[in-house]
Amino acid sequence: SAVISQKPSRDICQRGTSLTIQCQVDSQVTMMFWYRQQPGQSLTLIATANQGSEATYESGFVIDKFPISRPNLTFSTLTVSNMSPEDSSIYLCSVVSGGVNLSGYTFGSGTRLTVV
Amino acid sequence: SQKIEQNSEALNIQEGKTATLTCNYTNYSPAYLQWYRQDPGRGPVFLLLIRENEKEKRKERLKVTFDTTLKQSLFHITASQPADSATYLCALSNSGYALNFGKGTSLLVTP
C-alpha cells in the first residue's frame, strides 16, 4: 500500500494566521482526501482533491477557509486560513489503495493543530 | 439523514476472550464497508473491507460480517491481546470513494 508523509506533525498557531499542511505520497494516486478529527470525535471529510481539477468540498467546508492544492499525482496541500480556536483539530490526508480492486485507504500520520 | 453508529461506551474485555464491536448505519446503500484501527495520536490503519455481496470476511484473528438487510456490521477479534487495545472505526461510502466514519468504539483488553 501507499506510504504518506504528512507534515508538520503538530503546530501551535496564533488566531488569524494560516497554516499549510503537506502530504507527499510515494506513488501516483488519482484522489486524495482531507479529513478533520476534532477532539473526541471521529473523522469528518473536508474535501476530495483530484489532480488537475478543483477540489470538491463537503457541506460545511468552503474553499476560502480550506484552500487545497493538488499540483501533481503525488502531492497535495491543505491550508487552514484565518484560524480560530475552533479550528484546533487533527488534520489527516488519505489516499485509496488498490485502485479498482480497492484494498482500503492509507492515512497520513496527521497534523495536530492548536490555535491560541 | 445519514448516520453511522458505533457503541460509544468503551468495551473492556479480558485477554483471550473475543471482542465484538457493532456498526449500524442508516440512509446508506454502501457497496462496501471498512474497519480501521486508530491508536492515540496516530492516523487510522486499514484492517478489513467487506463488499455488499459478502456475508463474512476473515483475516487472521479478525472477522467481519455484513448484513445489508439489518444495515449492520459486526467486527470480531478472537483471542484478544492487550496489544489489540485501540479505537476501532467503521467506515462506508454511499457512492464514489469518499469515506464517512463512525465515532469509533474504544477497546481495552486487560491481562
Discussion item. If I filter region A:79-88 for residues that are under 17 Å from residue B:91 (Cα atoms), buried (at least 16 other Cβ atoms within 10 Å of the Cβ) and among the small types (Gly, Ala, Ser), do I get at least one hit?
Written reply: no
Practice prompt. Go through (1) crowded, with 20+ Cβ neighbours inside 10 Å; (2) within 23 Å of residue B:97 (Cα to Cα); (3) more than 13 Å from chain B (Cβ to nearest Cβ) and name the single condition residue A:63 misses.
Written response: (1)
Worksheet entry | Answer from A:15, A:36 - the residue that is basic (Lys, Arg), within 24 Å of residue B:103 (Cα to Cα) and in contact (Cβ under 8 Å) with a residue 12 or more places away in the chain | A:36
Worksheet item: Is region B:9-21 home to any residue that is in contact with a Ser or Thr (Cβ under 9 Å, 6 or more places away or on another chain), within 13 Å of chain A (Cβ to nearest Cβ) and surrounded by fewer than 16 Cβ atoms within 10 Å (Cβ to Cβ)?
Response: yes
Worksheet entry | Selection within region B:70-111 - part of a helix (DSSP H, G or I), more than 15 Å from the chain's Cα centre (by Cα) and not small (Gly, Ala, Ser) | B:82
Worksheet item: Quick one: is residue B:67 among the charged types (D, E, K, R), under 15 Å from the mean Cα position of the chain (by Cα), away from chain A (no Cβ under 14 Å) and surrounded by 16 or more Cβ atoms within 10 Å (Cβ to Cβ)?
Response: no
Worksheet, complete the sentence: By residue number, the members of region A:1-58 that are within 22 Å of residue B:87 (Cα to Cα), modelled with pLDDT of 90 or more and surrounded by fewer than 19 Cβ atoms within 10 Å (Cβ to Cβ) are A:3, A:9, A:10, A:38, A:44
Response to the item:
residue B:107 passes all but one of the listed conditions (1) within 26 Å of residue A:35 (Cα to Cα); (2) within 14 Å of chain A (Cβ to nearest Cβ); the exception is number (2)
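The values are calculated or read from the model by the stated rules, or taken from the named source; none is laboratory data. Source: prediction; values computed, not measured. Note that we place each Cβ from the backbone using ideal geometry, even for glycine, and neighbour counts take in every protein chain shown.
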